[in-house]
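Data first, discussion second: the structure below is written as structure tokens.
The values are calculated or read from the model by the stated rules, or taken from the named source; none is laboratory data. For clarity, every value in this text was computed on a predicted model and none was experimentally measured. Don't worry about glycine lacking a Cβ; one is built from the backbone with ideal geometry, like all the others, and counts go over all protein chains shown. Note: accessible area is taken over every heavy atom of the protein model, side chains too, but ligands, DNA and RNA are not part of it. Shrake-Rupley method; radii C 1.70, N 1.55, O 1.52, S 1.80 Å.
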Amino acid sequence: MSRRKADAERTRETILDAAETTFLAQGVARTTLAHIAQAAGVTRGAIYWHFEDKAAVFDALLERVRIPLDEIVDDAVQQLGTTPVECLRNIAQRSLAGICHDLPLQRAATIVLHRCEKLEDDHPRISMITRLSEHAEAKVEQLFEQVQQQGQLRADLTPVSARRQFHGFLIGTCFDWLQDTHQYSLDADRASIVETLMRGLLLEKSH
């Protein structure tokens with residue numbers, strides 16, 4: 001990589017770091033390119049060299065985040081000797097652990113869930129945080145189908161409704177915790193949180 005190209009890449013990353021800090025501090029809607037430029041110590045022209053507009057900065061910021069939910073689901077399913085219920089527990093535990101320990105993901109999720117005044121449901125990067133991918137959705141639903149076949153799923157639930165409630169509970173937990181990550185330790189409480197989730201979905205004898 002040439003020195004000029006390396007300098008340009010460093011400037012781009014500096015702009016994205018500044019955008020992340022500014023979005024977190026004052027929200028996406030209230031942040032202007034001038035705010036980002038000031039925080040980054042660059043001119044607005046430098047931002048326009050790399051990004052078409054604020055929306056492009058926002059997109060690039062989310063693109064830096066790795067969201068390994070498909071891997072988490074696949075790893076849980078492929079573990080030999082685990083039951084469908086154990087797989088679901090594992091998926092829930094690892095998903096919450098990711099929010100606790102992956103700081104770039106945590107910051108991106110905070111921006112999406114608490115600093116975006118209006119979410120675009122069809123935005124591909126936002127959807128990666130707020131929704132399950134089609135792959136993960138299908139796998140989780142299949143696990144609940146197996147749970148149902150084994151007579152462990154609550155009678156008033158279907159695999160589809162169980163999958164929706166499973167995901168909704170986890171997103172709600174993240175939403176609440178990210179409002180103030182100092183209110184309690186999600187990492188310390190995640191085992192009991194997941195137990196509460198599973199008790200709500202399974203027949204009493206299946207916990």
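Those helices (runs of 4 or more DSSP H) of the stretch 1-84 in which at least 1 residues are more than 26 Å from residue 129 (Cα to Cα) and open to solvent by 60 Å² or more (accessible area, probe 1.4 Å), considering only elements entirely within it, cover 3-26, 33-40, 44-50. Contact map, the stretch 92-113: residues that are open to solvent by less than 30 Å² (accessible area, probe 1.4 Å) paired with residues that are of a type in the set (Gly, Ala, Ser), Cβ distance under 8 Å, separation 6+ or inter-chain. Pairs shown: 99/109; 105/98. Just so you know, in the stretch 110-134 the residues that are at pLDDT 90 or above and in a helix (DSSP H, G or I) include one that is nearest to residue 54 (Cα to Cα), and it is 111. Among residues of the stretch 36-52 that are modelled with pLDDT of 95 or more, those with a beta-carbon under 9 Å from a residue that is open to solvent by 50 Å² or more (accessible area, probe 1.4 Å) and part of a loop (DSSP other than H, G, I, E, B) at least six positions away or on a different chain give the pairs 37/43.
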